[in-house]
Amino acid sequence: MSDDDTSPDRGTDIDEQTERARTDGGTGVALDPWGSATVADYRDLFEEFGIEEFEEIIDEVPNPHYLMRRGVIFGHRDYGAVARALANDEPAAALSGFMPTGDPHIGHKLVFDELIYHQQQGADTYGLIADLEAHSARGMTWEEIDKHARDYLLSLLALGFDPEEGELYRQSTNRRLQDLAFELGSNARFAEFQSIYGFDGSTSVSHMQSVVTQMADILYPQLDEPKPTVIPVGPDQDPHVRFARDIAVKTRYFKVTEAFASPEFDAAERVLVRRAYDERDEWADDPEQPRCEDAAAYLHAAEVDEEFRAARSHAVEKLENAGMEPLRPRTRFLDRNADEQAFEALIEAVPGEKRVFDAHIDSFELDRGEAEELAREVEVDNGGFGFYTPSSIYHRFMTGLTGGKMSSSIEASHISLLDDPEEGYDKVKSATTGGRETAEKQRELGGKADECPVYELYAYLLANDDDGLAEEVYEECVGGERLCGGCKEQAATLMQEFLKEHQEQREEAKELLSELDIDLDVDASRRGVPGDEDE
Ligand code: TRP
Ligand code: SF4
């Protein structure tokens with residue numbers, strides 16, 4: 001780093017960005033798939049929406065990607081199911097989609113990389129072009145869509161997606177996908193569209209259709225065989241993920257639960273009944289044959305935490321009603337959507353001691369996991385989907401090079417994967433930084449790498465798999481050894497090299513793309529008027 005470095009360009013836009021995001025949602029968080037993609041505070045997403053912290057699960061991931069190691073991927077839903085499948089060489093899938101509304105940029109590259117990573121870890125991997133959504137919700141013409149679709153696919157291939165191993169498709173030409181969307185639509189209600197997306201009487205039907213299409217995208221990898229599936233996306237897509245998870249559950253034929261006697265207990269009640277069962281030596285006349293009514297009396301008098309009081313009174317009542325019935329743990333299959341044939345097939349399939357009721361079957365031999373597996377098998381054999389509830393991972397949004405959010409509509413804020421390498425170099429050189437007003441102050445106080453879009457470029461992209469480089473930049477920056485001029489020069493050069501190489505690889509990918517069975521001239525055969533761009 002040369003000594004004449006100065007760093008006068010500390011941006012002021014970060015507070016502005018925070019302010020904007022705050023006013024978006026009212027609650028500090030706005031998760032709107034078609035709104036502005038900013039998040040004021042990622043922590044709110046954990047508390048408010050139940051997204052889990054990626055950090056807590058990273059140790060279970062066989063070869064975590066650098067985006068995972070560096071906390072760029074910060075959250076997940078149920079990713080454990082996918083991590084376990086990958087670790088055990090069991091079937092797993094990954095899928096994400098891209099709206100072809102503009103040029104692919106370095107923000108999209110994160111998702112391309114996440115897909116390619118999962119493909120390399122052995123997952124069946126899918127990349128799709130959300131052209132129906134771009135047409136109905138963003139008002140893009142088919143001509144524009146065709147062009148952008150091609151550019152997204154070329155970059156995905158150039159970065160290493162293997163189309164032989166995985167599948168690329170566009171929504172509009174995938175008949176199987178549309179059939180699935182239609183089926184899933186039977187489990188989606190307008191009231192849910194209203195509460196999840198704020199749709200109302202003015203929302204176009206095509207926009208709604210694009211939503212069920214996305215639900216179908218998310219479950220599409222499981223059509224041939226149900227398997228844990230991860231959807232890598234930005235947190236703005238979480239409403240879609242939650243809706244798809246709900247729909248997946250609603251399509252299932254059977255629900256597997258733990259039970260102790262004929263009544264249904266909810267999760268909190270189950271904790272209490274389990275405890276009574278485990279302590280049966282203290283209260284049962286015959287611990288081999290504990291009775292529900294005795295368990296009721298025991299629980300009624302037991303010490304329980306405040307939060308369990310309500311559950312206790314419900315559990316006691318149910319146990320009293322069950323009277324002399326024995327209390328005995330079992331795994332229960334509840335009939336959700338099964339027809340008679342499927343229900344009969346499940347009765348047949350449950351091994352060993354079992355009890356059959358009108359709308360449920362109790363097994364005394366299968367544990368929960370075995371029962372889940374059996375329920376899925378019977379469902380699939382009898383015409384059902386047998387979906388695993390889809391999982392997701394969430395990455396942070398990149399900060400724009402000019403501060404604020406990175407946006408396709410603000411040219412200087414982002415670097416397109418199609419930018420001329422020199423232009424990429426220049427954009428990095430004129431980026432906002434987390435540096436101090438003067439070189440002197442920078443040496444004294446250190447830079448603010450955590451608020452620096454240039455540091456982000458290193459961490460998200462330029463350092464690639466080299467954790468050493470990312471750490472070096474960070475440590476040198478906050479330690480005051482690194483000044484912004486030289487730091488940006490280094491980043492700009494790396495960016496220029498990256499763009500040059502990527503564009504060469506795009507050229508090479510053209511042949512590969514032309515050999516794939518993807519219609520890139522939908523415009524020739526479709527007519528119509530694009531929908532309104534909605535705000
Ligand atoms: N709605 C997504 C977007 O706005 C695109 C998309 C369509 C998608 N189907 C998907 C993303 C399935 C993930 C999974 O970018
Ligand atoms: Fe400056 Fe580099 Fe530190 Fe950013 S990371 S503040 S550009 S020295």
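The values are calculated or read from the model by the stated rules, or taken from the named source; none is laboratory data. Every value quoted in this text rests on a predicted model; they were computed, and no experiment measured them. When we count neighbours, we look across all protein chains shown, and the Cβ atoms used for this are built from the backbone with ideal geometry, even at glycine.
For every residue, the table says whether it meets (1) more than 39 Å from the chain's Cα centre (by Cα); (2) part of a helix (DSSP H, G or I); (3) at pLDDT 95 or above.
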| site | (1), (2), (3) |
| --- | --- |
| Arg270 | no, yes, yes |
| Ala276 | no, yes, yes |
| Asp294 | yes, yes, yes |
| Leu299 | yes, yes, yes |
| Ala310 | no, yes, yes |
| His314 | no, yes, yes |
| Leu319 | yes, yes, yes |
| Arg328 | no, no, yes |
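Quick one: which of Gly80, Gly71, Gly97 is within 15 Å of ligand 1 (Cβ to nearest atom) and either among the acidic types (Asp, Glu) or under 23 Å from Leu45 (Cα atoms) (or both)?
Answer to the selection: Gly97.
Could you please find all residues in segment 53-73 being part of a strand (DSSP E or B) and surrounded by fewer than 20 Cβ atoms within 10 Å (Cβ to Cβ)?
Hit for segment 53-73 is Glu53, nothing else.
Within segment 449-485, can you find the residues that are out of contact with any Cys (no Cβ under 9 Å at 6 or more places or on another chain), among the charged types (D, E, K, R) and assigned to a helix (DSSP H, G or I)?
Asp450, Glu451, Glu456, Asp467, Glu471, Glu472, Glu475 - these are the residues of segment 449-485 that are out of contact with any Cys (no Cβ under 9 Å at 6 or more places or on another chain), among the charged types (D, E, K, R) and assigned to a helix (DSSP H, G or I).
Could you list, ordered by first residue, the pairs with Cβ atoms under 7 Å in which the first is in segment 435-448 and within 18 Å of Gly403 (Cβ to Cβ) and without any contact (Cβ under 8 Å) to a residue 24 or more places away in the chain and the second is within 16 Å of ligand 1 (Cβ to nearest atom) and among the charged types (D, E, K, R), at least 6 apart or interchain?
none
Is one or more of the residues making up segment 327-347 surrounded by fewer than 14 Cβ atoms within 10 Å (Cβ to Cβ) and of a type in the set (Gly, Ala, Ser)?
There is no residue in segment 327-347 that is surrounded by fewer than 14 Cβ atoms within 10 Å (Cβ to Cβ) and of a type in the set (Gly, Ala, Ser).
Of the residues Val249, Val211, only one is closer than 30 Å to Ala130 by Cα and surrounded by fewer than 22 Cβ atoms within 10 Å (Cβ to Cβ); which?
Answer to the selection: Val249.
Might you check whether a residue that is more than 16 Å from ligand 2 (Cβ to nearest atom), within 20 Å of the chain's Cα centre (by Cα), within 30 Å of Ile347 (Cα to Cα) and not assigned by TED's automatic domain parsing to the domain that holds Leu334 occurs anywhere in segment 232-244?
Yes, there is a match, as at least one residue in segment 232-244 is more than 16 Å from ligand 2 (Cβ to nearest atom), within 20 Å of the chain's Cα centre (by Cα), within 30 Å of Ile347 (Cα to Cα) and not assigned by TED's automatic domain parsing to the domain that holds Leu334.
Give just the number: which of (1) outside any loop (DSSP other than H, G, I, E, B); (2) at pLDDT below 95 does Ala83 not satisfy?
(2)
In segment 311-350, what count of residues is obtained for those that are without any contact (Cβ under 8 Å) to a residue 24 or more places away in the chain and among the aliphatic types (A, V, I, L, M)?
2
Has segment 144-167 got at least one residue that is assigned by TED's automatic domain parsing to the domain that holds Ala244 and more than 24 Å from Leu512 (Cβ to Cβ)?
For segment 144-167, residues assigned by TED's automatic domain parsing to the domain that holds Ala244 and more than 24 Å from Leu512 (Cβ to Cβ): absent.
Residues in segment 371-421 that are more than 23 Å from Pro235 (Cβ to Cβ) and without any contact (Cβ under 8 Å) to a residue 60 or more places away in the chain: how many?
Counting residues in segment 371-421 that are more than 23 Å from Pro235 (Cβ to Cβ) and without any contact (Cβ under 8 Å) to a residue 60 or more places away in the chain gives 7.
If we scan segment 198-220, do we find a residue that is under 16 Å from Val111 (Cβ atoms), part of a helix (DSSP H, G or I), within 12 Å of ligand 1 (Cβ to nearest atom) and in contact with a Lys or Arg (Cβ under 9 Å, 6 or more places away or on another chain)?
The answer is yes, given that some residue of segment 198-220 is under 16 Å from Val111 (Cβ atoms), part of a helix (DSSP H, G or I), within 12 Å of ligand 1 (Cβ to nearest atom) and in contact with a Lys or Arg (Cβ under 9 Å, 6 or more places away or on another chain).
Could you say which residue among Lys488, Lys510 is loosely packed, with under 15 Cβ neighbours inside 10 Å and part of a helix (DSSP H, G or I)?
Only one candidate qualifies: Lys510.
If I ask for residues that are assigned to a helix (DSSP H, G or I) and polar (S, T, N, Q), which ones from segment 99-149 would you list?
Gln119, Gln120, Ser136
Answer yes or no: is there a residue in segment 123-135 that is without any contact (Cβ under 8 Å) to a residue 40 or more places away in the chain, closer than 19 Å to Gln178 by Cα and either more than 16 Å from ligand 2 (Cβ to nearest atom) or among the small types (Gly, Ala, Ser) (or both).
Yes: one or more hits.
Only residues that are of a type in the set (Phe, Trp, Tyr) and within 11 Å of ligand 2 (Cβ to nearest atom): list them for segment 441-474, please.
Matches in segment 441-474: Tyr455, Tyr458, Tyr474.
Identify all residues within segment 76-94 that are within 17 Å of the chain's Cα centre (by Cα), among the small types (Gly, Ala, Ser) and surrounded by fewer than 23 Cβ atoms within 10 Å (Cβ to Cβ); write none if there are none.
Gly80, Ala81, Ala85
Take the residues in segment 158-197 that are under 30 Å from Ala509 (Cα atoms) and away from ligand 1 (no atom under 16 Å from the Cβ); name whichever of them is surrounded by the most Cβ atoms within 10 Å (Cβ to Cβ).
Ranking the candidates gives Ala158 first.
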